[in-house]
1. Working carefully through the options Glu136, Glu116, find the one that is under 30 Å from Val73 (Cα atoms) and of a type in the set (Asp, Glu).
2. Where the second residue is at pLDDT below 85 and part of a helix (DSSP H, G or I) and the first is surrounded by fewer than 15 Cβ atoms within 10 Å (Cβ to Cβ) and lies in region 354-374, which pairs have Cβ atoms under 6 Å and are six or more apart or on separate chains?
3. Looking for whichever is modelled with pLDDT of 85 or more, assigned to a loop (DSSP other than H, G, I, E, B) and surrounded by fewer than 15 Cβ atoms within 10 Å (Cβ to Cβ) here; the options are Asp63, Asp99. Which one fits?
4. Among the residues of region 114-132, is there at least one that is within 30 Å of Ser44 (Cβ to Cβ), touching a His at 6+ places or on another chain (Cβ under 7 Å) and either without any contact (Cβ under 8 Å) to a residue 12 or more places away in the chain or in a helix (DSSP H, G or I) (or both)?
5. Quick one: what pairs do we get from region 388-413, first residue assigned by TED's automatic domain parsing to the domain that holds Asn357 and more than 13 Å from Leu445 (Cβ to Cβ), second assigned to a helix (DSSP H, G or I) and among the polar types (S, T, N, Q), C-beta under 8 Å, 6+ apart or different chains?
6. Which residue pairs have Cβ atoms under 6 Å apart, sit 6 or more places apart or on different chains, and have a first residue in region 311-327 that is hydroxyl-bearing (Ser, Thr, Tyr) and a second that is at pLDDT below 90 and buried (at least 19 other Cβ atoms within 10 Å of the Cβ)?
7. Go through region 224-255 and give me each residue that's of a type in the set (Val, Ile, Thr) and not in a helix (DSSP H, G or I).
Amino acid sequence: MFLKISCTPPSIMNTTPPRKINRISFSDNGFSIGDSELNAPGSSIRRSHWKPHSSTSRCTLCDKTLSVKNGIVNCRKCGQLFCNDHTHYKVRLRNPEGDEKVPQYDSSGVWCRCCETCYLAKQTSPEVNSVDLTDEFQHYRQNKVESQQLYRTKIQRNFIKLTNLLLDNSSVDEVVNWSPDSTNCSICFVKFNIFIRRHHCRLCGTVVCDDPNGIRKSCSINVPLIKLIEKLPHLNYQKPPSPDEKVKFRCCVDCKNALLFDWKRQVDTDDGVFVMYEAMSVQKQQIDRLIPQFESLVNAMQDSIKVRNKLVHALKDLENSLIQFRDSFYSKEDDKLMIKSEYVTYEKVITNIYQANAMFLQDNLVKYKSISDQYKEKTELPRTPSPPRLTKKQIREMREQLMVINEQKFLVENLIKDYTKARRFGELDSLIANKTELQNAIDELERELGEFSF
């Protein structure tokens, strides 16, 4: 038996809210109320395993109070009681057979409503057919990358040969075999006529049309040889061309892109932002890998000196990279870090990269210190007396560390202001705690430096 209960909340601001429809499903042990129509009337799946609604008043997963508003829903698989939010899932089930007490997963069964736990558990069921295509995709991608690299190498070799022949005023017919004449362009497929002439690319021999203005797909163009040589000076030419060389040759867009592939990548990263970002990403991955190793070795009371030294070097490398990144893109004005004028266009990207890496470094320095303290407590290493005075190297390192921590504190203070303006008070506690830790670290360093502090 199925009933519909229509619950229409009172109107607010003269607007009519959407109607909420609840469904009631009856069983031998009671009933179930939910806001979904996933379980269609007339389902043949048994309900004898359903828990009665009087057995509990809380959702099994989130401990939310079960009611008409929140839902009193029996999972069709396990029979436990849940709220609406944790039963918006469907699986195919069949009735239990033999000694089975609850319905079982079946790819040809009936679609039934279930809880989140049963929905995720179906992935390990033998009734679910899945195929992992990761290896196949990686193999296909590797073949694709290799074929593209081979094509670029071939075009580059043909360009070197063509350049040497053109500079010697020799015939270029032997560079590549031309494709047979066709009636259509091989790139934009336009039909050749009296106005659209047929041409051959001198690097690959493909039949193309002349489209210097990009009206169709910029299929080919007469390229000045000296322009390409200026962008590709590292290739093995027989003799350097003169700057006033005016020789041109026909080149298709595919060969042009293949020739300038490495040059474009270099131009895109000339500002160094993404090059330095990738370098810091590699260092972060190394730290993420070493921190758990160091912690597990310390907890197991095993020799952790090698891993500890690697971790210290990785943290120091990231700190140096961060300082280099700061010096490259920021300048100090009135004790504040300001983006350099030539990088204003990328201000948000640079700021986000710097803040993210500074916070990452700070968090992992705290983790490293905590694990090191545990290591010292467990091993009870004898403490060597500190030298009476600091060396110049120690003063320089401590000053650099003090500068980094001051900058991190400045970033955290800015984040606190931004989150306060955005009324994101839930995230302020952790930021304030970070600021307190940074201030304590600053005070400790200034105390150790004494008269050598800034």
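The values are calculated or read from the model by the stated rules, or taken from the named source; none is laboratory data. Bear in mind the structure is a predicted one, so any value in this text is a computation, not a measurement. Virtual Cβ from ideal backbone geometry, glycine too; neighbours counted across all protein chains shown.
1. Glu116
2. Gln374/Val298
3. Sole residue among the options that is modelled with pLDDT of 85 or more, assigned to a loop (DSSP other than H, G, I, E, B) and surrounded by fewer than 15 Cβ atoms within 10 Å (Cβ to Cβ): Asp99.
4. yes
5. From region 388-413, the pairs are Leu411/Gln355; Val412/Asn434.
6. Ser321/Met280
7. Val247
Quick grid of which residues meet (1) among the hydrophobic types (A, V, I, L, M, F, W, C); (2) more than 30 Å from Gln148 (Cβ to Cβ); (3) at pLDDT 80 or above; (4) touching an Asp or Glu at 6+ places or on another chain (Cβ under 6 Å):
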position: Asp244; (1), (2), (3), (4): no, yes, no, no
position: Cys252; (1), (2), (3), (4): yes, no, yes, no
position: Leu259; (1), (2), (3), (4): yes, no, yes, no
position: Lys264; (1), (2), (3), (4): no, no, no, no
position: Asp268; (1), (2), (3), (4): no, no, no, no
position: Leu297; (1), (2), (3), (4): yes, yes, yes, no
position: Val307; (1), (2), (3), (4): yes, yes, yes, no
position: Lys310; (1), (2), (3), (4): no, yes, yes, no
position: Leu315; (1), (2), (3), (4): yes, yes, yes, no
